[in-house]
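Student: Quick one: structure below, then a few questions.
The values are calculated or read from the model by the stated rules, or taken from the named source; none is laboratory data. The shown structure was predicted, so the numbers you read here are calculated from the model rather than taken from an experiment. Counting neighbours? That spans all protein chains shown, and the Cβs are built from the backbone with ideal geometry, glycine included.
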There are 2 protein chains.
Amino acid sequence: MTQPSLRCALMGKNRLSGPVVGVDCGGTNIAIGVVDEKGRLLGRCKRKTKAMEGRDKVIERIIEGISRACDDAKISFKSVTAVGVGAPSAVDWKNGVVLHAGNLGWKRVPLRDILSKKLDRPVVVDNDVNVATFGESRVGAGKGRGDLISVWVGTGIGGGLVLNGQLWRGPLHTAGEIGHVIMFPGAGPGHRKLEEHCSRTAMVRSMMLLLGHYPDTMLREFLKRSDDGEETSIGSGVIAECMEKGDPLVTSVVHASADLLGLAIANFLTVLSVPTVILGGGVTEALGKPWLHRVKESVEQHVFPSSLRKCEVLRSELGDDAGLLGAAMLAREVVGSE
Amino acid sequence: MTQPSLRCALMGKNRLSGPVVGVDCGGTNIAIGVVDEKGRLLGRCKRKTKAMEGRDKVIERIIEGISRACDDAKISFKSVTAVGVGAPSAVDWKNGVVLHAGNLGWKRVPLRDILSKKLDRPVVVDNDVNVATFGESRVGAGKGRGDLISVWVGTGIGGGLVLNGQLWRGPLHTAGEIGHVIMFPGAGPGHRKLEEHCSRTAMVRSMMLLLGHYPDTMLREFLKRSDDGEETSIGSGVIAECMEKGDPLVTSVVHASADLLGLAIANFLTVLSVPTVILGGGVTEALGKPWLHRVKESVEQHVFPSSLRKCEVLRSELGDDAGLLGAAMLAREVVGSE
């Protein structure tokens, strides 16, 4: 009783031929790629978003970037059959409207129609985490799996869902927001949600709070090295270096975060009965296998029922390209099935 | 881009005509109903399960009960076009196998094939909470809604999901198990899960623990009245009576449970971006509107993003008949679409 859409998706049947373009439009950078029918990247282009210059300028830069990416791929834009865009916002994807992109300062922008008119091509717009999740499900760590969740751990925590081979966005377009799940009922503001404990931002905050209890922590060296001694200098790379060298402060904070993240993921898998989670984002990229292993242990310990203990905790395979590849793949499938 | 299955479902298009039979097979009772094309109950029959007599006897009683329900409906079983069964177990519904029904002492019972052979009719088997959720979505509180979750609060806590008009069971067949979500990371065994705080069993346990602090609680009267003074005498009706009369002990425990339940539901709605929850079960039936109101307040307070605050918290409309009606409706839709 598998749905036709799932069968097509898992068999890689995309009726739309020719190259497609994927755009990952973030608050800081716009990454653009030209993608062939097998999901291979033929060419790319990167631009600064410069959102403060206003919506029209950002859209101009997207269009100019698509042109450059086609040059890089050595193809003419004429051969491009569809364009997909991931935006850092809740997106009414059926109507292609960016609802509220705080990073861009956009509200209810009909990006699909604007781009479609300017490019004279079908355009699909969705949330940035959704398209990255879709990319992983089609040509990344989740390839061949019909059901999975993704969790992206970086400055914040985002997530996505693929159910029955398709993105699940929910009728209010915001599904997957695991970072906003409340883990500590009754805790003070700023200390309740998953994101407030397990994002890089939250981990660094905890490390700074505990600094006085760990006089020998390597973190002091990194703080000294930075110009201003501000905690913003503690990126995922620094955390990874401290972990590798066994720094007790950093290890205790990272382990506690991995344990809690695993518990939140376990709850998510429990209610959905889905056995696959893909972890991505800056923290996952930097901390690698030991991080994944620790998260997996916690998932296994907390999930219900016991049959779900045989779940997979996989690392994103597409890294920074998940968004642009996923946007391209989504455009191909959606336009190809219309 | 609504799926055809959702359109059909919401428009009430069931290609299968004639009456269908729904069976709600619980650990204590078997409830059976004959249901017409509009979801109306034409006749019914109730039997004790007596699981200790063994699988074959239970199946015999189901078949005999179906015959009696047809008599009650004044129809011949010959006119029945399909049979649906809800079982208290994870069910591999595609293959009709009851995987592990603790209450019945069953493991991997191919109930669909057994019944289908004996009855010479197509049979659909699913989890009891799933079929009840399905019933509410088709002819109960969720009628006309494509996406909803249900939460049933009684001796334990169960739940179900309808996404895009269809039950979501998950590849491991156990979706909706919100009672097993961990609410208190790090708490002791027996004090971590939602069910361990918000089921009737858990509420009564809390009341008994706190009895010494409330010398004037009405609960003492009920304990005295029962033969053995055991807490098992505190049912949902007693809790409701104490709530109505403003008993401080019972009120404080019930309010804390409603608040925590609302938070757990909020987390569930947050990750799915679904704006409708149906509450059912003995506790919901007994406590009624004030309970629903308190749960709803907590959902609104904890859900993300703010657009989800406009969610609906609805009371089950089908009560004890949700299971048999849902099993019947599910059989009609599944068999009608095959």
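Student: Given the structure, is B:Leu330 modelled with pLDDT of 95 or more and of a type outside the set (S, T, N, Q)?
Tutor: yes
Student: Identify, by number, the condition in (1) farther than 25 Å from A:Ser273 by Cα; (2) surrounded by 24 or more Cβ atoms within 10 Å (Cβ to Cβ); (3) of a type outside the set (D, E, K, R) that B:Cys242 doesn't meet.
Tutor: For B:Cys242, the failing item is (2).
Student: Further, regarding this structure: In region B:72-93, which residue that is free of Cβ contacts under 8 Å to residues at least 60 places away in the same chain and loosely packed, with under 14 Cβ neighbours inside 10 Å is farthest from the other protein chains (Cβ to nearest Cβ)?
Tutor: Across region B:72-93, the extreme among qualifying residues is B:Lys74.
Student: Looking at A:Arg294, A:Arg309, which is the one that is closer than 30 Å to A:Gly246 by Cα, in a helix (DSSP H, G or I) and in contact with a His (Cβ under 8 Å, 6 or more places away or on another chain)?
Tutor: Details: A:Arg309 fails: in contact with a His (Cβ under 8 Å, 6 or more places away or on another chain).
Result: A:Arg294 is the single residue among A:Arg294, A:Arg309 that is closer than 30 Å to A:Gly246 by Cα, in a helix (DSSP H, G or I) and in contact with a His (Cβ under 8 Å, 6 or more places away or on another chain).
Student: What is the residue count in region A:150-180 for residues that are hydrophobic (A, V, I, L, M, F, W, C), buried (at least 24 other Cβ atoms within 10 Å of the Cβ) and at the interface with chain B (Cβ under 9 Å from one of its Cβ atoms)?
Tutor: Qualifying residue count, region A:150-180: 4.
Student: Continuing with the same structure: Against the conditions (1) part of a loop (DSSP other than H, G, I, E, B); (2) without any contact (Cβ under 8 Å) to a residue 40 or more places away in the chain, where does B:Leu104 fall short? Just the number, please.
Tutor: Exception for B:Leu104: condition (2).
Student: A:Glu221 fails exactly one of the following numbered conditions: (1) surrounded by 20 or more Cβ atoms within 10 Å (Cβ to Cβ); (2) in a helix (DSSP H, G or I). What is the number of that condition?
Tutor: For A:Glu221, the exception is condition (1).
Student: Sort out which residues of region B:109-147 are of a type in the set (Gly, Ala, Ser) and either more than 17 Å from the chain's Cα centre (by Cα) or part of a helix (DSSP H, G or I) (or both), and write them in order of number. If you could, list the steps in order and put the result at the bottom.
Tutor: Kept after step one, since they are of a type in the set (Gly, Ala, Ser), are these residues of region B:109-147: B:116, B:132, B:135, B:137, B:140-142, B:144, B:146.
Hits for region B:109-147 are B:Ser116, B:Ala132, B:Gly135, B:Ser137, B:Gly144, B:Gly146.
Student: Here is a further query. One residue is enough: does region B:307-327 have a residue meeting the conditions within 14 Å of chain A (Cβ to nearest Cβ) and either aliphatic (A, V, I, L, M) or surrounded by 24 or more Cβ atoms within 10 Å (Cβ to Cβ) (or both)?
Tutor: The answer is yes; a qualifying residue exists.
Student: Mind counting the residues in region A:228-285 that are within 14 Å of chain B (Cβ to nearest Cβ) and part of a helix (DSSP H, G or I)?
Tutor: Our first condition is that a residue be within 14 Å of chain B (Cβ to nearest Cβ); within region A:228-285, this holds for A:255-277.
Imposing the further condition that a residue be part of a helix (DSSP H, G or I) reduces the set to A:255-272.
Qualifying residue count, region A:228-285: 18.
Student: Looking for something within 21 Å of A:Leu249 (Cα to Cα), in contact with a helix residue (DSSP H, G or I) (Cβ under 7 Å, 6 or more places away or on another chain) and not in a helix (DSSP H, G or I) - is there at least one such residue anywhere in region A:209-217?
Tutor: yes
Student: Would you mind telling me which numbered condition in (1) over 28 Å from A:Gly144 (Cα atoms); (2) not in a loop (DSSP other than H, G, I, E, B); (3) not aliphatic (A, V, I, L, M) A:Gly27 fails?
Tutor: (2)
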